[in-house]
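Sharing a structure here in structure tokens format.
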């Protein structure tokens, strides 16, 4: 990509463009006097900014590009966060090129009125003190479909106006199970509030529970060969995933504070990175006593945890307490499997120089080039790959606190999984000396009972593994007695 013109200023912009991440965020253009002239949002910051400096298609864009002397980017966690931050900065700076937004263009919010039986509405209006708002949202069509669906879990009314005077017959929404018909006195205010709490929880981003319910329903539909219903449920899951990507995570004041702190660009400079680390992955292993070793991957997007990207690993190829080899296995499995997602901008290892060298060596063997750092708990020192000494990051700075948060989350997640495995299989020690259970069969039992999806006694899996029936019966008796 070439920027029109050969001035030093344009060359500086070209160099800066190469550091922009491919993540959601907001970009701010400034003129030669430092004044903000345009604020925009993007799902992919790098692609959006490059488009401005390629062939210009219209007069307005050409005039804007001519005025740009510098720019800043603020990577965030989601499309919804980008929307919130963009609107806030436009209100604050009133840039001359943001004519549409200044002229009153707005995005939809979900509104809950403050009445005895609050009404759920989709609105485009300034927030009022007599209501509660969620959003804004970028896709009103998707929002309407999701709300119709979620009201089958949490039925609330959508009609406007006062319903103090009772009606004799409920409307269609009642028979579709999307409204409990408070207008006919069929529900108490106490019960109605329970539905409201569930709805608020959903709108605040707690989707996982409902996605799991749909997944279970879909599996049951497939088992009874009801593929038409399974397809409907699959579409509902896709809607939830779209909502999850787009809903804001942090509110307006938090995002403005995050922008002022400038954490991610400052972190890039401190680590000598060529690109702002919008996506950070943290790794740790847990192997107390050398048994049931586990590993974890946590993901931070735009400086906050992205829990949908968290992954747990059972260490498979390493015996004993060899942290270095376990870390190598962890990275090898993560980056050799395309299903584990796109590569991050930065990898953080929980450990010191030794862990860093092993991680870098494993990535080099795989011909993967990603910046890697290690954060040692002692003195909270940050070691950077291919650099002598430690990174110059001040104690208690926002940059160090972010890295500590990533490290601590990776440690918590790995250790939590490790302890869960230990507790799940502790009952097997009672059968250590049972005839018929040797080292090989004991390992099979450990793997079966340590399965994170285990909901009850796994008789089918034990039979499939060719465990003798008398042993299965004794294991079942122990399982039921100890309520494992």
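The values are calculated or read from the model by the stated rules, or taken from the named source; none is laboratory data. Predicted, not measured: the structure shown is a model, and the values here were computed from it. Here the Cβ is made from the backbone with ideal geometry for all residues, glycine too, and neighbour counts use every protein chain on show.
Would you confirm whether any residue within region 346-365 is assigned by TED's automatic domain parsing to the domain that holds residue 308 and over 23 Å from residue 390 (Cα atoms)?
Yes.
From the list 45, 85, pick out the single residue that is crowded, with 23+ Cβ neighbours inside 10 Å, more than 20 Å from residue 346 (Cβ to Cβ), at pLDDT 85 or above and not assigned by TED's automatic domain parsing to the domain that holds residue 300.
Only one candidate passes the filter, namely 85.
Looking at region 166-182, can you tell me whether even one residue there is in contact (Cβ under 8 Å) with a residue 40 or more places away in the chain and in the same structural domain as residue 113 (by TED's automatic domain parsing)? Explain how you work it out, then say what you get.
Our first condition is that a residue be in contact (Cβ under 8 Å) with a residue 40 or more places away in the chain; within region 166-182, this holds for 182.
If we keep only those that are in the same structural domain as residue 113 (by TED's automatic domain parsing) too, we end up with 182.
The answer is yes; a qualifying residue exists.
Of all the residues that make up region 203-240, how many are closer than 18 Å to residue 134 by Cβ and either loosely packed, with under 15 Cβ neighbours inside 10 Å or at pLDDT 75 or above (or both)?
5
Among the residues of region 332-356, write down those that are crowded, with 17+ Cβ neighbours inside 10 Å and over 22 Å from the mean Cα position of the chain (by Cα).
Answer for region 332-356, where residues must be crowded, with 17+ Cβ neighbours inside 10 Å and over 22 Å from the mean Cα position of the chain (by Cα): 351, 355, 356.
Still on this structure, please answer the following. Look through region 253-267, keep the residues that are under 19 Å from the mean Cα position of the chain (by Cα) and closer than 21 Å to residue 137 by Cα, and return whichever of them is surrounded by the fewest Cβ atoms within 10 Å (Cβ to Cβ).
The residue in question is 254.
In region 1-20, how many are in contact with a helix residue (DSSP H, G or I) (Cβ under 6 Å, 6 or more places away or on another chain) and either loosely packed, with under 13 Cβ neighbours inside 10 Å or modelled with pLDDT of 90 or more (or both)?
Count: 2.
Mind listing whichever residues of region 311-331 are touching a helix residue (DSSP H, G or I) at 6+ places or on another chain (Cβ under 6 Å) and either surrounded by fewer than 17 Cβ atoms within 10 Å (Cβ to Cβ) or in a helix (DSSP H, G or I) (or both)?
312, 317, 320, 321, 324, 327, 328, 331
Might you check whether a residue that is under 30 Å from residue 26 (Cβ atoms) and modelled with pLDDT of 95 or more occurs anywhere in region 309-321?
no
Is at least one residue of region 151-172 within 20 Å of residue 213 (Cα to Cα), at pLDDT below 80 and in a helix (DSSP H, G or I)?
No, because not a single residue in region 151-172 is within 20 Å of residue 213 (Cα to Cα), at pLDDT below 80 and in a helix (DSSP H, G or I).
What is the residue count in region 372-389 for residues that are buried (at least 18 other Cβ atoms within 10 Å of the Cβ) and part of a strand (DSSP E or B)?
The number of residues fulfilling the criteria is 8.
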